[in-house]
Every structure is written in C-alpha cells, then in structure tokens.
Amino acid sequence: MDGKYYVCTACSLLCDDIEIESEDNHITTVCTACRKGLSRIQICNEPMPCTLDGNKTDINTAISGTAGILKNAKNPLIFGLGNSTEGAQKKGIELARQLNANLDDTSSFCQGNVIESILKGEIQNTCTLDDVRNNADVIVYWGADPSNSHPRHLSKYTYFPRGKNRQKGYDEDRTAIAIDIRESSTVEICGNKSYLIPPQKDEELINALIDALSGKVPKVTFDFDKKRILELANTLKKARYGAIFVGLGLVYSLDNLNPLKRLLDKLNDVSEFYLTPMVGHYNMRGFNQNLYDETGYINRVKFEDSEVKHGNEYSVVELLKTKSVDSALIIGSDPMSSLPGYIARYLNEIPVITIDPCETLTSKKSKINIPSALTGVECGGSAIRMDGVRVDFEPMIETSNLSDEEILTRIMEEL
Ligand code: SF4
C-alpha cells in the first residue's frame, strides 16, 4: 500500500477509504472496496477501442469525425455525464450551449424529481451521510436494496457503524427498516423490521402511516396486517433521529412526490426525519446540481441561442420516441441497455458517438467510439455524493487515454 486513500467511483457513495497496491502502473491489490467497486477499479485493464465505422482509428481522427457530425447536425442530443467528473459536466453543458443541443441524463427517468425537490428547497429535511452515521437511530430503506446497489451503505453510514451519538451500534442503538415489494438482500438484513407490500401500493401505505401517526385507524385495500402498520408507525414516531433513503422502487411507484412530502411533514410533526435519494451513478447528483446552477433546471433542456427551453419533450425518452434528434453524443452512459428497446432502437438510425472507458451495448452500435480515462482510477476530479457532499479524488494509476473533460475540450476546439 502506498499509504494514500483513494475514492471509489462505482456508485454515489463515493467511498473515500480505498487503498491499493500497484506495480508497473497496474493495480495488483485493492483493499476496502466492495465487490462492485472492485470490478470497476479492475476494468481499467480492458479499455474500449477507439473506432470509426467499426474500424480501429486514432484519437485525432475520432475527435475530428465527432466535431464534423455535431457541426452538421440540426438537432443534436448530448446524453449521459452522470459517470463523469464535475469538470466534464461543466464542459458538456458548455458544448450543448455552443451546439444549440438537447441535453439530458438518466435522472430524467430515475431519481431526478427527488433531487430537484431538494435543490429547489421543496424538501428541506435532508442531511449528510455523516449526520446519519453519528445520529440516526431509525433508518428506512424504501424501494431500495443498498446491499446490492450501494454495498457499503449499511456498514459505512447507517445500520452497522458506531457513530458519535450512537456508540452501541446496530444491536442496541439502531433499527433498520426495509419497505419493498420483494425479498431483497436488504429485506433479509432488516429481518422482522421488513415490510413487504404489493407493487404500486406505496402511496396507500404512506397514507395509512400518516393516519396511524395522526391517531386514526390506518386503512389499506391490500392484504396486510393493520397491527404491523401501527407497529411501523410507532417505531417511526419514537425515532429521535430518523433517515429515509428513497429508492427507485418508491419513485417509480408514485405519480408524484406529494405523498412522500406529506409523510415527511407528518414525521417531522411527531419526530425528526431526514430524506436522502439513493442516487445510482456516482455523479448524477453533480450533473443535476451543475445544470441547475447554470440554467435553473436539472435535466431535459434544449439550448436555443441565448434561450434555455425545458420540458418532457426534451427528455431522452421523448426525443428518441419522436425521432426528433439527428445525432447523439453519449458520455459515460448506455441508453441501449437502460431504455426500452422500442425507444432506444432509433439510435440505430442516426450517427452516435460514444465516449466511455468500457465497451457497452451502445458503443457496439456507435459510429464513433472514443475511449476515455476511467474516473477515480485513471483520472481525478470532483463529484457530488448522493447526500450533496462534494468529494475530490485523484487518479490511482496513469493512462494515455484522455479524460472526458479533455475529450470534450478537444471536440469544442475543433468545432
Ligand atoms: S459502496 Fe459504492 S463507492 Fe463504496 S466501494 Fe462499493 S461501489 Fe465503491
């Protein structure tokens, strides 16, 4: 070990206690990272090839080709940047402005509405993960399975660690609750504090909990023991410092966030509760924050001269569904894998450029592929953690690949 601590960028927990050993610029040992982090740190030994029309090419040709496509496009799309540094995100926003492009990221179909509510101050009761570690006695994972999505979440910040005001640890000082529709690994850990409900019934459970917290008889239309709702309400009410982690399962189940906001208000009438989104990509919150600072919107924008338009019609889903873009620059994302096939299929009809350290389904179908340095491993920068805390990081090893930020800068120079 070289005595330094590095940051893992495999999820938005951005663990900053990673130790490595390297030999001849190859990482030979990784300590502290979970299995997910380990697999990201190790892929830097298998870079994506630089290609044009399926044939290997050099970086200069790939960048010139990219600039040519974007310059001739009438309505280009820039998509991704949730797995890029803040420096690259700012560059991506600048490029979108210069090109009069549409700009969107995965938050438009996942946690975006939760982050937007926090940035706009509509949800004010939010706290840092360090606050949770030091203070939380009741932790609720709702529609989230951190044991698989953010494997060190429970051990580093919530259930298992001792904190400043939680010295007795999980066995005496903390209660972890999982609310989900299936027997996930996190549900297993939470044991008899897990509550399994049918799909799409989250709002009903929220309303029942609000009733129970208000001293009314809770009602639900699905088969569920009312005593368990009262028991859950009682645990929440008795919390001295509660933390709710909102997963995709909950976000997808609600038409809007109003029920969740009402529950948070009610919980803060009877106790003290904070909410944090379980952001997936390591810097998706950074993308939302940086675009918000620049335009007042967190995603789904279209630049038009000095104007910034915003709306669902500028989301990646709508733009591909309506076939209204004529080229796409994809940065650190894989829409061919993450979007339904009937929507992503349109990417086969337009020139697509992918900037990514790894081969993806999208890169395999792209006209141009530009391999980038793997952030956190081969290049440094900064990112915003799921709880809004900015984290700086340095590279673990060197690479000849350019970073996302450098590639975007080179493309802008060629326009
Ligand atoms: S929990 Fe996330 S950030 Fe931490 S080591 Fe695992 S993948 Fe990396």
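Just so you know, all these numbers are worked out from the coordinates, no wet-lab data involved. Note that the structure is predicted; figures quoted are calculated from it, not measured. Positions of Cβ are backbone-derived with ideal geometry, glycine not excepted, and every protein chain shown enters the neighbour counts.
Quick one: among N113, N165, N369, which has the greatest mean-square fluctuation in a GNM of the chain with alpha-carbon springs under 10 angstrom?
Looking only at N113, N165, N369, the biggest GNM fluctuation is shown by N165.
Given the options G82, G311, G286, which has the most mean-square fluctuation in a GNM of the chain, springs set between C-alpha atoms less than 10 angstrom apart?
Of the options given, G311 has the highest mean-square fluctuation.
Based on DSSP H runs of at least 4 residues, each adding -39500 (n - 2.57), what is the mean residue ellipticity at 222 nm of the chain after dividing by all its residues, to the nearest 500 deg cm²/dmol?
So the calculated ellipticity at 222 nm is -10000 deg cm²/dmol.
What spacing in nm lies between the two simple spin-label points modelled at Q200 and K56, each 7 Å away from Cα in the Cβ direction?
Distance between the two pseudo-spin positions: 5.2 nm.
For a test of the definition: using alpha carbon positions, the gyration tensor, and the 1.5 limit on a/c, classify segment 168-212 as rounded, prolate or oblate.
Here segment 168-212 falls in the oblate category.
Assigning unit charges at the beta carbon (Lys, Arg +1; Asp, Glu -1) and nothing else, what dipole magnitude in debye, to the nearest 20, does the chain show about its Cα centre?
That gives the chain a dipole magnitude of about 1340 debye.
Cut-off 10 angstrom, C-alpha nodes, Gaussian network model of the chain. Which of D171, D180, D58 fluctuates the most?
D171
How large is ³J(HN,Hα), in whole Hz, for each residue of segment 405-415 in order, when computed from phi with the Karplus curve 6.51 cos²θ - 1.76 cosθ + 1.60 and θ = phi - 60°, using x for Gly and Pro?
4, 5, 5, 5, 4, 4, 5, 5, 5, 8, 6
List the trypsin sites (Lys or Arg not before Pro) within segment 59-151 that DSSP assigns to loop and that have no more than 15 neighbouring Cβ atoms inside 10 Å.
Within segment 59-151, the qualifying trypsin sites (Lys or Arg not before Pro) (loop, at most 15 other Cβ atoms within 10 Å) are K74, K120.
Using modelled backbone amide H atoms (1.01 Å from N, in-plane), which distant-in-sequence or interchain residues come within less than 5 Å of Y6's amide H?
The answer is I18, E19.
In the chain, which longest range has no GluC sites (Glu not before Pro) that are both DSSP loop (not H, G, I, E or B) and surrounded by at most 16 other Cβ atoms within 10 Å?
Result for the longest clean stretch: 273-397.
Take every Cα-Cα pair in segment 160-313 and report what % of them are more than 18 Å apart.
67 percent
The chain: longest stretch without exposed chymotrypsin sites (Phe, Trp or Tyr not before Pro) (DSSP loop, at most 16 other Cβ within 10 Å), sites themselves excluded?
6-221
For the Cα atoms of the chain, what angle does the longest principal axis make with the long axis of helix 59-72, in degrees from 0 to 90, nearest 10?
Once rounded, the angle reads 80 degrees.
Among the trypsin sites (Lys or Arg not before Pro) within segment 356-402, which fall in a DSSP loop and have no more than 16 other Cβ atoms within 10 Å of their own Cβ?
Answer by residue number: K365.
So what are the ³J(HN,Hα) numbers for segment 306-318, from phi and the Karplus equation (6.51, -1.76, 1.60; θ = phi - 60°), rounded to whole Hz, Gly and Pro as x?
8, 8, 10, 9, 9, x, 4, 5, 9, 6, 4, 4, 5
Give the whole-number value, in cubic angstrom per residue, of the convex hull volume spanned by the C-alpha atoms of the chain.
Cα-based convex hull of the chain, divided per residue, equals 138 Å³.
Which entries in K226/K266; K4/K90; K74/K309; K168/K227 show an alpha-carbon gap greater than 21 Å?
K4/K90; K168/K227
Would you mind getting me the FRET efficiency between K227 and E304? Use the beta-carbon distance for r and R0 = 51 Å, nearest 0.05.
0.35
Can you compute the charge dipole magnitude of segment 281-415 about its Cα centre, using +1 on each Lys and Arg Cβ and -1 on each Asp and Glu Cβ, nothing else charged? Give it in debye, rounded to the nearest 20.
Approximately 680 debye in magnitude.
Using the charge dipole of the chain (Lys, Arg: +1 at Cβ; Asp, Glu: -1 at Cβ; taken about the Cα centre), state which of G286, V377, H26 has its Cα farthest towards the positive end.
Comparing the listed Cα positions along the dipole, G286 ranks first.
Within segment 290-323, report the trypsin sites (Lys or Arg not before Pro) that DSSP leaves as loop and that have at most 11 other Cβ atoms within 10 Å.
Those that pass, being in a loop and sparsely packed, are K323.
Between the helical axis of 86-99 and the dominant principal axis of the chain, each derived from Cα atoms, what acute angle in degrees is found, rounded to the nearest 10?
Helix 86-99 sits at roughly 60 degrees to that axis.
List the lysines whose Cα lies under 17 Å from the Cα of K56, skipping any in the same chain that are fewer than 8 positions away.
Of all the lysines, those that pass the test against K56 - Cα under 17 Å, at least 8 places apart if same chain - are K364, K365, K367.
Using the alpha-carbon centroid of each, what span in Å lies between segment 374-415 and segment 98-132?
Each part's Cα centre sits 21 Å from the other's.
Can you compute 3J(HN,Hα) from phi for each residue in segment 214-221, using the Karplus curve 6.51 cos²θ - 1.76 cosθ + 1.60 with θ = phi - 60°, rounded to whole Hz and x for Gly and Pro?
Result, ordered by residue: 8, x, 9, 7, x, 10, 9, 8 Hz.
State whether segment 44-108 is rounded, prolate or oblate according to the following rule on the C-alpha gyration tensor (a ≥ b ≥ c being the square roots of its eigenvalues): a/c under 1.5 gives rounded; otherwise a/b larger than b/c gives prolate, and the remaining case gives oblate.
Cα axes put segment 44-108 in the oblate bin.
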